Amino acid sequence: MNAADHRALPKHFQPFLQVFLSALAGGLGYAVLSLPDQAIALKGMVEANLEASGVRNPITAVLLNFRAYDTLLEMAVLLLALIGVWSLGATPMRRGAAPGPVLSALVQGLVPLMILVAGYLLWAGAHAPGGAFQAGAVLAASGVLLLLTGKRLTIRLMGRPLRIVLLAGLGVFITVGIAVIPVGGMFLQYPPSLAGGLILFIEAAATLSIGAILTALFLGGRALSGGDR
Amino acid sequence: MMSYTLYALTGIGLFILGLYSLIVQAHLLRKVIALNIMGSGVFLVLVGLGGRASNAVPDPVPQAMVLTGIVVAIAATALALTLILRVQAETGRTELAEQPSKH
């Protein structure tokens, strides 16, 4: 099916659209080129407060400490997307072929390795590139590999335990945020002495949650469990 | 420093290409791909502008924003793809229906 056969725009609009988009590109390019070199001093503030944040990696400090509220909302967005996907119906029936010998052997070797790598990425996020989202993505990749070979969770685990794991990241984040209010004074204001441990605790729960959410998103629908009605 | 500005301009180019595809293409899957290309363009602009710093260490704040953005883009793409599957299951077509000219 040729792409030119299916256009959402009548043919005579296209030159106007191209001119408009070229002008937009020119405007954006001019805006980028005319930016001052160092407009906002956020980078300096991050460097100055890095020791008080509890981690040595500035990106993890920004994600989990200085802008922790954004990360909390991001986990809520992930959950919302999953709720949206689940509300659209059950998993579509697929007539998948049986996995070949290469895929089966690869999955047997790769999945434990990927779980290990996810654990390492979670730990390394404090001082090197890594963190909850990277580890969660690797976990989700291993989950997708398992799904591709036809493995599914047992019915017993698909009801409440699955939902607990899905909610663990956001739940732990909010709980820690509320729990530090008496100590720090504000929501998500970690006390500097405990910040490193709290960040690791939040990231661990978030890793499991993100891996589970992304794997569930891959299924494309609500997998029916025993308690579903 | 010039290379990072080049990354930012490339990101703008990707954004414009994605926007053109989003408007012009009728197939829903192509629209989702175009949205993803737009997102990649925006991320490239953010990271490119974040690396413009005069000293060697790049700015961590835009990189953290891009990490958040990537995750949100994944979630939105998953929801969009499921919606496309649903549209196809309900109507049998992968393009949105033409609007009637009169109510």
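The values are calculated or read from the model by the stated rules, or taken from the named source; none is laboratory data. What you see is a predicted model, and the numbers here were worked out from it, not measured in a lab. Cβ: placed from backbone, ideal geometry, glycine included. Neighbour counts: every protein chain shown.
From (1) without any contact (Cβ under 8 Å) to a residue 24 or more places away in the chain; (2) more than 25 Å from residue B:79 (Cβ to Cβ), pick out the condition that doesn't hold for residue B:49.
Evaluating residue B:49 over (1) without any contact (Cβ under 8 Å) to a residue 24 or more places away in the chain; (2) more than 25 Å from residue B:79 (Cβ to Cβ) leaves (1) as the failure.
Among the residues of segment A:201-212, is there at least one that is within 14 Å of chain B (Cβ to nearest Cβ), surrounded by fewer than 20 Cβ atoms within 10 Å (Cβ to Cβ) and within 28 Å of residue A:94 (Cβ to Cβ)?
Taking every residue of segment A:201-212 in turn, none turns out to be within 14 Å of chain B (Cβ to nearest Cβ), surrounded by fewer than 20 Cβ atoms within 10 Å (Cβ to Cβ) and within 28 Å of residue A:94 (Cβ to Cβ).
When residue A:115 is evaluated against the numbered criteria (1) assigned to a helix (DSSP H, G or I); (2) β-branched (Val, Ile, Thr); (3) more than 8 Å from chain B (Cβ to nearest Cβ); (4) touching a residue at least 40 places away in the same chain (Cβ under 8 Å), which criterion, by number, is the only one it fails?
Every condition holds for residue A:115 apart from (4).
Given the residues A:9, A:110, A:82, A:33, which is the only one that is farther than 22 Å from residue A:169 by Cα and at pLDDT 90 or above?
The match here is A:110.
Does residue B:97 fit the bill of being facing another protein chain (nearest Cβ under 7 Å), free of Cβ contacts under 8 Å to residues at least 12 places away in the same chain and under 30 Å from residue A:91 (Cα atoms)?
no
With respect to the numbered conditions (1) surrounded by fewer than 17 Cβ atoms within 10 Å (Cβ to Cβ); (2) over 25 Å from residue A:193 (Cβ atoms); (3) touching a helix residue (DSSP H, G or I) at 6+ places or on another chain (Cβ under 9 Å), which one is the sole condition not fulfilled by residue A:90?
(3)
Of everything in segment A:83-100, what is in a loop (DSSP other than H, G, I, E, B), out of contact with any Ser or Thr (no Cβ under 6 Å at 6 or more places or on another chain) and more than 9 Å from chain B (Cβ to nearest Cβ)? Give them in sequence order.
Those that are in a loop (DSSP other than H, G, I, E, B), out of contact with any Ser or Thr (no Cβ under 6 Å at 6 or more places or on another chain) and more than 9 Å from chain B (Cβ to nearest Cβ): A:87, A:91, A:93, A:94, A:95, A:96, A:97, A:98, A:100.
Could you identify the single residue in A:121, A:80, A:103 that is surrounded by fewer than 17 Cβ atoms within 10 Å (Cβ to Cβ), within 16 Å of the chain's Cα centre (by Cα) and assigned to a helix (DSSP H, G or I)?
A:80
Taking residue A:54 and the conditions (1) on the phi > 0 side of the Ramachandran plot; (2) within 14 Å of chain B (Cβ to nearest Cβ); (3) surrounded by 21 or more Cβ atoms within 10 Å (Cβ to Cβ), which numbered condition does it fall short on, given that it satisfies the others?
Among (1) on the phi > 0 side of the Ramachandran plot; (2) within 14 Å of chain B (Cβ to nearest Cβ); (3) surrounded by 21 or more Cβ atoms within 10 Å (Cβ to Cβ), the lone unmet condition for residue A:54 is (2).
Determine, yes or no, whether residue A:116 is in contact with a helix residue (DSSP H, G or I) (Cβ under 6 Å, 6 or more places away or on another chain) and at pLDDT 90 or above.
Spelling it out, it is not the case that residue A:116 is in contact with a helix residue (DSSP H, G or I) (Cβ under 6 Å, 6 or more places away or on another chain) and at pLDDT 90 or above.
Select from segment A:36-63 the residues that are at pLDDT 85 or above and not in a helix (DSSP H, G or I) and list them in ascending order.
Listed by number, the residues that qualify are A:49, A:50, A:54, A:55, A:56, A:57.
I'd like to verify a number: residues in segment A:29-51 that are hydrophobic (A, V, I, L, M, F, W, C), more than 8 Å from chain B (Cβ to nearest Cβ) and surrounded by 14 or more Cβ atoms within 10 Å (Cβ to Cβ), how many?
1
Can you go through B:51, B:92 and tell me which one is more than 10 Å from every other protein chain (Cβ to nearest Cβ), at pLDDT below 90 and within 30 Å of residue A:218 (Cβ to Cβ)?
After ruling out the rest, the residue left standing is B:92.
Which one of A:17, A:9 is out of contact with any strand residue (DSSP E or B) (no Cβ under 6 Å at 6 or more places or on another chain), in a loop (DSSP other than H, G, I, E, B) and either in contact (Cβ under 8 Å) with a residue 60 or more places away in the chain or facing chain B (nearest Cβ under 7 Å) (or both)?
A:9
All but one of (1) at the interface with chain A (Cβ under 7 Å from one of its Cβ atoms); (2) surrounded by 18 or more Cβ atoms within 10 Å (Cβ to Cβ); (3) modelled with pLDDT under 95 hold for residue B:28; which doesn't?
(1)
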